[in-house]
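Trainee: Submitted below is the structure of interest, expressed as structure tokens.
The values are calculated or read from the model by the stated rules, or taken from the named source; none is laboratory data. All values reported here derive from a predicted model rather than from experimental measurement. Virtual Cβ from ideal backbone geometry, glycine too; neighbours counted across all protein chains shown. These area figures cover heavy atoms from the full protein model, side chains too; ligands, DNA and RNA do not enter into them. Shrake-Rupley method; radii C 1.70, N 1.55, O 1.52, S 1.80 Å.
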Amino acid sequence: MGYKPAHSGPSTASNSLRILEIVARFGTGTTAKEITDALQMPPATVYRMVNALVADEYLVRTSDLRGFALGHAISGLIMAAVPPTVPTAARSAIEEFRSGNRFAVHLVLFRNASLKIADEDPDYPLQSASDMLRHPHASAAGKLMLAELGDSAPPFPKGPLMKLTPHTITDRRQLEEQFAHVRAEGQAVDINELEQGFSCLAIPVKLPHGTVEAAVCLTGPSERFSAICDHAEAAREMASRLAPLLF
């Protein structure tokens, strides 16, 4: 006999999302009664779930304590779901740089301690994009981000870090030494660490006060890595041009 669920109603997770959707639609000051009426949910259920969402900062109470608004924790969901927007002027600058470059050029943004591919080179698409996003310790862009975050970075996952190739550095102490080197040199590299046979040089894109918000990544065959590094200064100049166009 096949398994049958005890009930077929909406799950707690889906009800939470429905509540957030109502608050987003109705706007700041949405009341618990409005949520109850809109979703046809028992008031006790709505109050319990709304309090849980407030505790997790997905919702906040309005100053008069009569209604609710979306909390700052929702921004993480939005930023994860929405592709980053690159202004036309920034895209033009990147295209100009690509036209005089023999290697792949990608723009990667740093958002909430994670990487977001903002502009991928159409002629040389990333072959290991998903690994780069999931395992930042293995990529030049990820090392640049982790080095910038420093002590504010979330801890590495418990257990061993993923070794994507024989060259991927997974020793935490060795990675911390690399991060210190990245901060000193103002650039990060991975050589055969993310993908065997390919290497990357990541140049920071900085805000005026020095915070690193993105990386210009030059990628190509590992045997040509010295040639990639010959473009470092040009990439640094381009990153300086990009900063005011992006942020």
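Trainee: Given (1) basic (Lys, Arg); (2) touching a helix residue (DSSP H, G or I) at 6+ places or on another chain (Cβ under 9 Å); (3) under 30 Å from residue 231 (Cα atoms), where does residue 61 come up short, assuming only one miss?
Mentor: (3) is the only condition that residue 61 fails.
Trainee: Follow-up question, since we're still on this one. Which one of 198, 247 is among the aromatic types (Phe, Trp, Tyr), closer than 15 Å to residue 105 by Cβ and open to solvent by 10 Å² or more (accessible area, probe 1.4 Å)? Please lay out each step first, then the result.
Mentor: On the way: 247 fails: closer than 15 Å to residue 105 by Cβ.
Unique residue meeting the criteria: 198.
Trainee: Residue 176 is checked against (1) at positive phi; (2) free of Cβ contacts under 8 Å to residues at least 24 places away in the same chain and fails just one. What number does that condition carry?
Mentor: (1)
Trainee: Let me ask you something else. Return a yes/no flag: does the range 126-134 have any residue that is farther than 19 Å from residue 199 by Cβ, open to solvent by 10 Å² or more (accessible area, probe 1.4 Å) and either at pLDDT 95 or above or over 15 Å from the mean Cα position of the chain (by Cα) (or both).
Mentor: Step one: filter the range 126-134 for residues farther than 19 Å from residue 199 by Cβ, giving 134.
Filter once more, so that each one left must be open to solvent by 10 Å² or more (accessible area, probe 1.4 Å): 134.
From what's left, either at pLDDT 95 or above or over 15 Å from the mean Cα position of the chain (by Cα) (or both): none.
No, every residue in the range 126-134 fails to be farther than 19 Å from residue 199 by Cβ, open to solvent by 10 Å² or more (accessible area, probe 1.4 Å) and either at pLDDT 95 or above or over 15 Å from the mean Cα position of the chain (by Cα) (or both).
Trainee: Which condition does residue 215 not pass, out of (1) over 20 Å from the mean Cα position of the chain (by Cα); (2) closer than 22 Å to residue 112 by Cβ; (3) not β-branched (Val, Ile, Thr), if it passes all the others?
Mentor: If we test residue 215 against (1) over 20 Å from the mean Cα position of the chain (by Cα); (2) closer than 22 Å to residue 112 by Cβ; (3) not β-branched (Val, Ile, Thr), just (1) comes out false.
Trainee: State all residues of the range 160-170 that are open to solvent by less than 80 Å² (accessible area, probe 1.4 Å) and over 22 Å from the mean Cα position of the chain (by Cα); if no residue qualifies, say none.
Mentor: Our first condition is that a residue be open to solvent by less than 80 Å² (accessible area, probe 1.4 Å); within the range 160-170, this holds for 161, 164-165, 168-170.
Matches in the range 160-170: 165 only.
Trainee: Restricting attention to the range 145-158, does a residue exist that is surrounded by fewer than 19 Cβ atoms within 10 Å (Cβ to Cβ), out of contact with any Cys (no Cβ under 9 Å at 6 or more places or on another chain) and touching a residue at least 40 places away in the same chain (Cβ under 8 Å)? Working first, answer last.
Mentor: At the first step, the residues of the range 145-158 found to be surrounded by fewer than 19 Cβ atoms within 10 Å (Cβ to Cβ) are 149-158.
Subsequent filtering for residues that are out of contact with any Cys (no Cβ under 9 Å at 6 or more places or on another chain) retains 149-158.
Next, only the ones that are touching a residue at least 40 places away in the same chain (Cβ under 8 Å) stay: 153-154.
Scanning the range 145-158 turns up at least one residue that is surrounded by fewer than 19 Cβ atoms within 10 Å (Cβ to Cβ), out of contact with any Cys (no Cβ under 9 Å at 6 or more places or on another chain) and touching a residue at least 40 places away in the same chain (Cβ under 8 Å).
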